[in-house]
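Just below is one structure, and these are the notes that go with it.
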Amino acid sequence: MKKRMTPLSLVRMKRKGEKIAMLTAYDFPTAEILDGAGIDAILVGDTLGMVVHGHETTLPVTVEDVIMHASAVVRARPRALVIGDLPFLSYTISVPEAVRNAGRLVKEAGVSAVKLEGGRAMLPVVRALHRASIPVMGHLGLTPQSILRFGGYKVQAKNPRSAERLVEAAKALEGAGCFAIVLEAIPAVVAKEVTEAVTIPTIGIGAGPDCDGQVLVTHDMLGIYDEFTPKFVKVYAKIRDEMDRAFREYVDDVKKGHFPGAEHSYEPDGDR
Ligand code: KIV
């Protein structure tokens, strides 16, 4: 029986100096493959709105979308910790609504933790989720749900004042009960400072090498989503090119009558 990862497992990994590997997944087969590869945590991120549903931002994503995709991931029964992202406006209108929506991700999808974006303004929500026994991961720096306020996907915490605010926000999130914090698109030195200032793990995306772990959007690192590839993405495979090649070959085979051949056709006494 495989030993399931928990929020506490990630905290212990930081204590032992073991790096945490996290990626996103939105479906059953990807979750199975990630788990087989030894991933520590799977994030069912609201990036699903962009890389799966084709929206320009993550803003249109609903709680129902996350429940549907997270349910498929959970059905893979991964050893990895599965974290469901709370979508835009699902946790900022009121604390009770935040608890209700986070609870739906746990009860209806079966995730073991939730993630939310934001600093000090989110402390009452983090405390309430902690009281409700729902583990919470924070997210600081470039928080894509604030894209309208930021006016674009820009590197954050570039001046000393905003860097200091970010470090203080991270400490406050830890104090309120977060078990980990994603740090997105901030200078590496600031991420290092945050990582040293908190006892919970930091998971970086565009935040340099000194975070306790790293996360990427799977569709970016596989080279599937090519609308925009940020500087911090390392592309590990060219799956889009491979899909394009296979689809073209199939179309060509069908048009020319090369598929199906005898090896893919049944004889009268044939079976499956
Ligand atoms: O939604 C998501 O996939 C994320 C990652 C970019 C960390 O929040």
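The values are calculated or read from the model by the stated rules, or taken from the named source; none is laboratory data. This is a predicted model, so every value here is computed, not measured. So basically every Cβ, Gly included, is an ideal-geometry build from the backbone, and we count neighbours across all protein chains shown. Surface areas here come from the heavy atoms of the whole protein model, side chains and all, with no ligands, DNA or RNA. Shrake-Rupley method; radii C 1.70, N 1.55, O 1.52, S 1.80 Å.
Do the conditions hold for Thr229, that is, is it among the polar types (S, T, N, Q), closer than 30 Å to Leu86 by Cα and open to solvent by less than 60 Å² (accessible area, probe 1.4 Å)? Taking the combined requirement at face value, the residue does not satisfy it.
So in segment 61-88, with the set limited to residues that are in a loop (DSSP other than H, G, I, E, B) and open to solvent by less than 20 Å² (accessible area, probe 1.4 Å), which one is farthest from Lys3 (Cα to Cα)?
First pass over segment 61-88, keeping only residues in a loop (DSSP other than H, G, I, E, B): 61-62, 75-80, 86-88.
From what is left, the residues that are open to solvent by less than 20 Å² (accessible area, probe 1.4 Å) are 61, 76, 78, 80, 86-87.
Numbers: Val61: 32, Ala76: 15, Pro78: 10, Ala80: 9, Leu86: 26, Pro87: 29 Å.
Step by step, filter segment 61-88, then rank; the result is Val61.
Among residues of segment 1-23 that are closer than 16 Å to Ala37 by Cβ, those with a Cβ under 6 angstrom from a residue that is part of a helix (DSSP H, G or I), sequence gap 6+ or separate chain, pair up as Ile20/Leu10; Ile20/Met13; Leu23/Leu34; Leu23/Thr218.
Here segment 181-198 is the region considered, the condition is being in contact with a Lys or Arg (Cβ under 8 Å, 6 or more places away or on another chain) and small (Gly, Ala, Ser), and the residue that is farthest from the ligand (Cβ to nearest atom) is Ala197. Exactly one residue among Asp212, Asp252, Asp241 is modelled with pLDDT of 95 or more, at negative phi and buried (at least 21 other Cβ atoms within 10 Å of the Cβ), and that residue is Asp212. Cβ-Cβ contacts under 7 Å between residues 6 or more apart (or on different chains), taken from a first residue in segment 190-210 that is farther than 23 Å from Pro230 by Cα to a second residue that is open to solvent by 70 Å² or more (accessible area, probe 1.4 Å), are listed as Ala197/Lys171; Val198/Lys171.
Restricting the first residue to segment 115-135 and requiring it to be within 15 Å of Arg100 (Cα to Cα) and modelled with pLDDT of 95 or more, which pairs with a second residue that is of a type in the set (Ser, Thr, Tyr) and open to solvent by 50 Å² or more (accessible area, probe 1.4 Å) meet a Cβ separation below 9 Å and a spacing of at least six or different chains? Filtered contacts from segment 115-135: Leu116/Thr92; Val125/Thr92; Pro135/Thr6; Pro135/Ser112. Restricting attention to segment 150-180 and to residues that are charged (D, E, K, R) and more than 16 Å from the ligand (Cβ to nearest atom), the residue that is nearest to Ala207 (Cα to Cα) turns out to be Lys158.
Charged (D, E, K, R) and farther than 24 Å from Leu173 by Cα: does that describe Arg77? Answer is yes for this residue.
Summed over segment 89-140, the residues that are among the β-branched types (Val, Ile, Thr) and open to solvent by 20 Å² or more (accessible area, probe 1.4 Å) give a count of 5. Filtered by the rule that a residue be of a type in the set (Asp, Glu) and either over 17 Å from Ser112 (Cβ atoms) or away from the ligand (no atom under 16 Å from the Cβ) (or both), segment 1-53 gives Glu18, Asp27, Glu32, Asp35, Asp46.
Among the residues of segment 15-31 satisfying the criterion of being charged (D, E, K, R) and closer than 26 Å to Asp220 by Cα, which is least open to solvent (accessible area, probe 1.4 Å)?
The initial filter retains those residues of segment 15-31 that are charged (D, E, K, R), namely 15-16, 18-19, 27.
Filter once more, keeping what is closer than 26 Å to Asp220 by Cα: 18-19, 27.
Numbers: Glu18: 84, Lys19: 123, Asp27: 51 Å².
Once the filter is applied, the top-ranked residue is Asp27.
Among the residues of this structure, Thr57 does not count as one that is of a type in the set (S, T, N, Q), within 14 Å of the ligand (Cβ to nearest atom) and buried (at least 20 other Cβ atoms within 10 Å of the Cβ).
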